[in-house]
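Everything below concerns the one structure shown next.
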Amino acid sequence: MIQAFNLSKSFNGQPALQQLNLSVAPGEIYALLGANGAGKTTTINLFLHFLEPDKGEARINGKPVAEDQQAARAGIAYIPENIQLYPHLSGIENLAYFSALSGQKYTTAALEQFLAQAGLEPEAFRKHAHHYSKGMRQKTGIAIALAKEAKAMLLDEPTSGLDPKASNEFARLLTQLSEQGMAVLMATHDLFRAKETATRIGIMRSGQLLQELQPSEIGHTDLESLYLQQMS
Amino acid sequence: MVRLIFNNELKGSLRDRRVQLLAGFTTLFLLLSAWSGQGAYTHLADARAQAAAKAEAEWDSLGAYNPHSAAHFGTYAYRPLGLLRMLDAGVQPFTGDVLKVEGHVANEALYAEASRSSSLMRFSAFQPALVLQAIVPLLLIFLAFGSIARERETGTLKMLVLQGASFRQLMAGKALAYWIISLGLLLATVLIMAILYGGQMAWDTFALFMLGYALYYLLAALLSVYVSAKARRSSGALAVLLGGWLLWVFILPKLAAQLGQSLYPLPSRIVFEEQMQEDRKKGLDGHNPSDERRKALEEKVLAEYEVDSIEQLPINFDGIVMQADEEYGNQVWDKHFGDYYQTVQQQNRVIQWASALAPFLAVRNLSMALAGTSLYDHLHFQQSVEDYRRGWVKALNDEHAYGGSKTGEWGWKAEAAFFQSMEDYTYERPGLSWSIANRWPEIIVLLVWLLVAVGLVAFSRNLSVLDQN
């Protein structure tokens with residue numbers, strides 16, 4: 001469960017997020033749509049407690065993030081726009097390292113399974129990450145998120161720069177995870193992917209959540225029109 | 001957690017070509033400087049052994065000789081070269097460690113130009129100490145400047161923190177990894193020394209010598225990682241660290257030396273010589289019978305021997321006069337050397353205070369002290385030679401006075417066996433506790449800095465995961 005109650009944040013007096021109220025239940029994929037500077041990344045950073053809110057509260061799995069950062073973070077998997085791995089380590093070594101940091105100890109077979117589940121080709125498992133494309137890094141990042149076995153996932157422009165095939169595979173994986181009971185909050189510009197993947201869509205502008213939509217109740221063209229109307 | 005981070009950082013650093021290159025260059029510098037130091041040491045030791053043997057042989061082959069002429073002929077006192085001199089020559093190249101021993105004149109090295117300066121002239125030489133004190137910390141800076149800042153820039157810091165790593169753990173793990181790399185260089189030094197001189201090494205001193213550097217590197221690693229964690233950008237961290245390195249290694253030591261010289265100036269060589277000569281003139285002149293104090297001494301000796309004239313004395317009065325003159329000269333030397341020593345100590349105290357701002361100074365002084373190449377060691381050697389010289393001159397003057405000649409017999413000769421029976425000079429280097437005794441301020445400075453660095457890492461607050469805001 002991902003929840004925000006009147007969450008607000010400003011930088012140098014300029015509001016970046018205003019009175020955000022949001023709830024993403026287990027099994028839901030919530031897509032936050034908005035232009036650059038709309039407040040999407042600020043929202044994600046507040047949930048991760050990389051930023052301190054001015055007002056309001058963020059909760060992950062019912063735990064207030066500000067009160068117990070470690071416990072809240074332990075329940076979150078996070079995939080940024082650009083996953084950066086340690087270039088001197090292979091994909092499987094990166095996965096083993098990040099998993100070990102979160103207290104997970106997996107066998108090599110289990111690690112390989114996470115990488116395969118994330119869609120990384122087996123021949124890439126033991127290549128150093130400096131040989132990886134962005135798509136391969138994103139897939140390794142997904143494997144890291146999967147291995148964490150978190151109940152909530154935060155994604156910040158996860159399909160940005162991915163080719164359509166990789167983007168599609170990624171969307172399928174997200175759907176699978178939500179079906180397994182994960183609560184997913186995804187900040188994105190990708191209207192098409194949001195419409196296809198999300199169970200709910202929120203449109204943001206200037207730090208405000210302007211409108212919430214059910215993707216099943218709106219077509220691609222209407223979504224685009226509505227989005228452009230809100231942005232104008 | 002710290003161990004995981006440590007392992008990953010170590011693995012990453014060792015696999016990183018840039019790090020391999022930097023560490024390779026540093027090792028190369030170290031090996032080259034050790035090779036150069038060892039060459040210089042061997043050359044000096046050989047030359048020293050030959051010269052010492054020659055001086056001893058010359059003295060022993062004087063044959064029958066007038067004792068006073070022998071005092072003017074003189075001999076030489078050689079300070080043995082410590083093995084650690086190879087790693088840190090300290091002030092020795094400038095102060096010298098061979099002193100002429102002769103009558104009337106206290107050892108000449110006191111007048112050596114460099115011996116009256118505690119400045120950092122030694123940077124002109126390429127020696128392992130320069131690599132150990134300045135280059136290895138620079139390597140640590142290059143290893144660590146991006147340790148946290150670059151993770152922040154690339155975004156991996158977010159993932160690390162989200163996976164449960166705290167800043168404290170990250171800083172500790174990374175600093176320890178860089179420290180271990182620097183210890184590898186120290187280990188290389190230990191191996192070189194063990195292979196070359198394992199049997200002759202004073203291992204307790206060497207262990208302390210290495211421990212001082214190990215603590216210094218831990219300090220450099222912790223501070224570098226901390227600066228990287230505080231800086232928004234790795235380029236900013238590098239600028240701050242390089243600035244700090246310049247300040248520590250070059251600017252503050254020079255300023256401290258200049259401040260010490262300004263506050264407690266040592267006389268120039270010429271002035272010092274003039275002052276000594278002036279005071280010396282007030283003493284007895286062994287060659288001038290018209291001196292009034294000589295007359296007073298004459299009366300005293302005549303009364304002692306219950307005779308009326310010098311000619312009636314059963315001894316050579318000239319020897320007694322010369323010894324009295326020596327003793328006066330000794331007082332002059334004690335006064336001037338005492339003043340000199342006190343000023344050097346005052347200058348050194350300024351540098352010790354300055355080391356509170358620049359731990360480089362603390363480790364440099366500690367290193368020289370343990371290598372036996374500090375100014376204190378040089379002064380100790382001078383004092384030891386002077387003590388020997390006084391006994392040596394007294395023996396010659398006594399032989400002149402009581403060896404069988406009469407007053408005025410300047411051509412009288414003592415037997416060869418007398419000169420051969422005189423003990424050669426041997427220098428007993430003061431022990432480890434003496435070396436450390438003068439250096440407590442530096443040890444405390446190093447430990448306090450280390451505690452501060454550990455405190456900064458352990459209790460740092462308000463460190464941002466994000467590279468903006």
Can you give me the C-alpha center-to-center distance between segment B:67-87 and segment A:67-83, rounded to a whole angstrom? 72
Please state the Cα pair-distance histogram of segment B:1-97 with 5 angstrom bins from zero: what percent is in each bin? 2, 10, 13, 12, 10, 9, 9, 8, 6, 5, 4, 3, 3, 3, 2, 1, 0
Which stretch or stretches of segment A:174-197 have amide N atoms under 15 Å from the point lying 7 Å from A:Asp222's Cα along the Cα→Cβ direction? A:195-196
Can you give the mean number of other chain Cβ atoms that lie within 10 Å of the Cβ atoms in peptide A:91-103? 4
Sticking with the crude label model, points 7 Å out along Cα→Cβ, report the distance from B:Asp46 to B:Gln383 in nm, one decimal please. 3.6
For B:Val445, B:Val105, which order do you get if you count the other beta carbons within 10 Å of each Cβ and list the fewest first? B:Val105, B:Val445
What is the mean number of Cβ atoms from other protein chains located within 10 Å of the Cβ atom of each residue in peptide A:63-74, rounded to a whole number? 1
Label A:Lys127 and B:Trp35 with points 7 Å out from Cα along Cα→Cβ: what is the distance between them in nm? 4.1
To the nearest 0.05, how large is the calculated FRET efficiency for B:Ser421 and B:Phe25 if R₀ is 45 Å and r is the Cβ-Cβ distance? 0.20
Protection proxy ranking of B:149-157, B:47-55, B:301-309, A:42-50 - average other beta-carbon atoms within 10 Å, highest first: A:42-50, B:149-157, B:47-55, B:301-309
In what order do B:Thr426, A:Thr197 fall by count of nearby beta-carbon atoms within 10 Å, going from fewest to most? B:Thr426, A:Thr197
So, R0 is 25 Å and r is the distance between the beta-carbons of B:Asp308 and B:Tyr328; what FRET efficiency does that work out to, to 0.05? 0.40
Packing-wise, with mean Cβ within 10 Å as the measure, how do B:351-364, B:218-231 rank, highest first? B:218-231, B:351-364
Other protein chain Cβ atoms within 10 Å, averaged over every residue that makes up B:5-13: 3
Two-site label geometry, B:Lys100 and B:Tyr402: point separation in nm, points 7 Å out along Cα→Cβ: 3.0
For the Cα atoms of chain B, what angle does the longest principal axis make with the long axis of helix B:17-60, in degrees from 0 to 90, nearest 10? 10
Average projected area [Cα convex hull, the protein assembly as shown], square nanometres: 39.1
Please report A:Tyr30, B:Tyr216, B:Tyr340 as a ranked list, fewest other C-beta atoms within 10 angstrom at the top and most at the bottom. B:Tyr340, A:Tyr30, B:Tyr216
Rounded to the nearest Å, what's the spacing between the alpha carbon centres of segment A:179-193 and segment B:336-359? Just the number, please. 69
Hey, what angle do you get for helix B:234-246 against the long axis of chain B, alpha-carbon based, 0 to 90 degrees rounded to 10? 10
Below 8 Å, C-alpha to C-alpha, sequence gap of six or more: please give me the relative contact order for chain B in percent. 27
Below 19 Å, Cα to Cα, which lysines can B:Lys335 reach? Residues fewer than 8 away in the same chain don't count. B:Lys281, B:Lys282
What are the principal axis extents of the Cα atoms in segment B:2-458, in Å, biggest first? 105, 44, 30
FRET E, pair B:Asn7, A:Ser10, Förster distance 56 Å, beta-carbon r, rounded to 0.05: 0.85
If you count the DSSP beta bridges with both ends in the protein assembly as shown, what percent of them are antiparallel, to the nearest 5? 60
What share of all Cα pairs of chain A, in percent, falls into each consecutive 5 Å distance bin? 1, 7, 15, 18, 19, 16, 12, 7, 4, 1, 0
Any chance you could give the angle, 0 to 90 degrees and rounded to 10, that helix B:269-281 forms with the longest Cα principal axis of chain B? 30
Over all directions, how big on average is the projection of the convex hull of the alpha-carbon atoms in segment B:202-329, in square nanometres? 15.9
Taking a quarter of the surface of the convex hull around the Cα atoms of segment A:86-149, what do you get in nm²? 3.6
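Where a number appears in this text, it was derived from the coordinates with a stated rule and is not lab data. This is a predicted model, so every value here is computed, not measured. Heads up, the Cβs are rebuilt from the backbone with ideal geometry, glycines too, and the neighbour counts pull from every protein chain shown.
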